[in-house]
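Enquirer: Okay, here's the structure, questions in a sec.
The values are calculated or read from the model by the stated rules, or taken from the named source; none is laboratory data. Because the structure is predicted, anything quoted here is derived from the model rather than measured. With ideal geometry, Cβ positions are generated from the backbone for all residues, glycine too; neighbour counts draw on all protein chains shown.
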Amino acid sequence: MKIVDVHLHLGPCKVFDLDTSEEALMGAIQKNKIDAALVEPYPGTPDVKKTHNDIAKLMKKYPKKIFGVVNLNPHQDEREYNAEVDRLIKGEGFVGIKLHTIGHAISPLATDAKKVFEAAKRYRVPLMIHTGAGIPFALPSMVIPMAQAYPDLPIILFHSGMAHIYSTEAYIAAKLCKNIYLEGSWISINEKMWFVNDLGSERIVLGTDLPENTAVEIFQYRSANLSDKDLANVLGENAIRLFKLKI
């Protein structure tokens with residue numbers, strides 16, 4: 001049964017006062033027998049280009065195990081934004097794009113956010129969006145109009161609202177929009193089971209966010225009394241399909 005973690009970070013973050021070293025990242029991946037991990041910079045990295053380059057180096061060091069995700073501040077010139085996305089996806093082989101609502105202070109409905117949706121559509125890669133902490137921009141419901149405007153774009157709501165009140169919003173968003181998928185880091189095991197049982201295991205992906213949380217998230221799904229097929233879908237098969245991973 002393949003394990004793919006779609007939500008891990010590398011490097012420092014001045015927004016959340018975090019710093020994930022290569023040793024901590026790879027330690028969590030190896031200890032938890034993760035077959036592949038999608039890694040992105042934190043939104044508060046002091047040097048975003050360097051961190052993206054460090055992830056690209058990790059991809060070369062650990063081929064078919066580490067895959068990069070673009071996480072750029074959308075509040076910049078559109079040509080510069082697109083040029084860096086192009087460099088990372090076409091040049092370095094990154095497999096997804098992130099819209100960090102709280103870290104970059106942006107609503108999914110903002111004008112600058114549209115360039116992120118357009119880039120994901122253009123490169124045919126999934127778009128991951130931070131939800132939960134940072135309302136109103138991070139409300140899962142804010143994504144619904146854009147998901148409806150981009151029906152062929154796979155959109156993953158990271159954290160699924162992050163708390164019980166907003167996980168209900170994430171559920172409603174996914175119920176309304178078939179192109180919305182849910183990543184449930186930091187929500188309860190009961191909410192995870194609800195999503196799998198109601199939305200279907202094909203709509204849920206594993207994400208752990210921090211090395212300290214990696215074992216917890218995997219253990220919750222393994223403890224949820226899921227069928228082998230449902231567990232395989234959530235732990236890895238959905239991510240392999242969505243991101244077209246060759247592992």
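Enquirer: Quick check on the range 180-188. Is at least one of its residues part of a helix (DSSP H, G or I) and modelled with pLDDT of 95 or more? Write out each step before concluding.
Expert: Taking the range 180-188 as the starting set, the residues that turn out to be part of a helix (DSSP H, G or I) are none.
Within the range 180-188, not a single residue is part of a helix (DSSP H, G or I) and modelled with pLDDT of 95 or more.
Enquirer: Between residues in the range 193-205 that are under 8 Å from Asn238 (Cβ atoms) and residues that are basic (Lys, Arg) and surrounded by 20 or more Cβ atoms within 10 Å (Cβ to Cβ), which pairs lie under 9 Å by C-beta distance while being six or more apart or on different chains?
Expert: Note: pairs meeting the criteria are Ile204/Lys192.
Enquirer: Quick check on Ser185: is it at positive phi, surrounded by 15 or more Cβ atoms within 10 Å (Cβ to Cβ) and under 17 Å from the mean Cα position of the chain (by Cα)? Write out each step before concluding.
Expert: Details: at positive phi: no; surrounded by 15 or more Cβ atoms within 10 Å (Cβ to Cβ): yes; under 17 Å from the mean Cα position of the chain (by Cα): yes.
In short, no.
Enquirer: Return the only residue of Gly132, Gly93, Gly103 being farther than 20 Å from Val39 by Cβ, part of a loop (DSSP other than H, G, I, E, B) and of a type outside the set (A, V, I, L, M, F, W, C).
Expert: On the way: Gly93 fails: farther than 20 Å from Val39 by Cβ; Gly103 fails: farther than 20 Å from Val39 by Cβ.
Residue meeting the stated conditions: Gly132.
Enquirer: Here's another thing I want to ask about it. Of all residues in the range 154-176, count the ones that are surrounded by fewer than 19 Cβ atoms within 10 Å (Cβ to Cβ) and either at pLDDT 95 or above or in a loop (DSSP other than H, G, I, E, B) (or both).
Expert: In the first step, residues of the range 154-176 are kept if they are surrounded by fewer than 19 Cβ atoms within 10 Å (Cβ to Cβ); the result is 163-165, 168, 172, 175-176.
Narrowing the set further to residues that are either at pLDDT 95 or above or in a loop (DSSP other than H, G, I, E, B) (or both) leaves 163, 168, 172, 175-176.
Matching residues across the range 154-176 total 5.
Enquirer: Restricting the search to the range 120-153, which residues are crowded, with 23+ Cβ neighbours inside 10 Å and at negative phi?
Expert: Start the filter on the range 120-153 by keeping residues that are crowded, with 23+ Cβ neighbours inside 10 Å, which leaves 120, 126-132, 138, 140, 143, 147.
Scanning the range 120-153 gives Ala120, Pro126, Leu127, Met128, Ile129, His130, Thr131, Ala138, Pro140, Val143, Ala147.
Enquirer: Just to be sure before I move on: is Lys175 of a type in the set (Lys, Arg) and without any contact (Cβ under 8 Å) to a residue 40 or more places away in the chain in the structure I sent?
Expert: Working: of a type in the set (Lys, Arg): yes; without any contact (Cβ under 8 Å) to a residue 40 or more places away in the chain: yes.
Yes; evaluated as a whole, the condition is true for this residue.
Enquirer: Filtering the range 208-245 down to residues that are in contact with a helix residue (DSSP H, G or I) (Cβ under 7 Å, 6 or more places away or on another chain) and small (Gly, Ala, Ser), which residue is farthest from Gly161 (Cα to Cα)?
Expert: Step by step, filter the range 208-245, then rank; the result is Ser223.
Enquirer: Same structure again: How about the range 205-247: which helices (runs of 4 or more DSSP H) wholly inside it have at least 2 residues that are surrounded by fewer than 19 Cβ atoms within 10 Å (Cβ to Cβ), over 18 Å from the mean Cα position of the chain (by Cα) and at pLDDT 95 or above?
Expert: Values: elements: 211-222, 228-232, 238-243.
Answer list for the range 205-247: 211-222, 228-232.
Enquirer: Right, something else. From the list Glu80, Glu84, which residue is more than 18 Å from Val15 (Cβ to Cβ), touching a Lys or Arg at 6+ places or on another chain (Cβ under 9 Å) and assigned to a helix (DSSP H, G or I)?
Expert: Just a single option satisfies the conditions, and that option is Glu84.
Enquirer: Would you point out which residue out of Glu80, Glu92 is among the acidic types (Asp, Glu) and out of contact with any helix residue (DSSP H, G or I) (no Cβ under 6 Å at 6 or more places or on another chain)?
Expert: Values: Glu92 fails: out of contact with any helix residue (DSSP H, G or I) (no Cβ under 6 Å at 6 or more places or on another chain).
From the options Glu80, Glu92, the qualifying one is Glu80.
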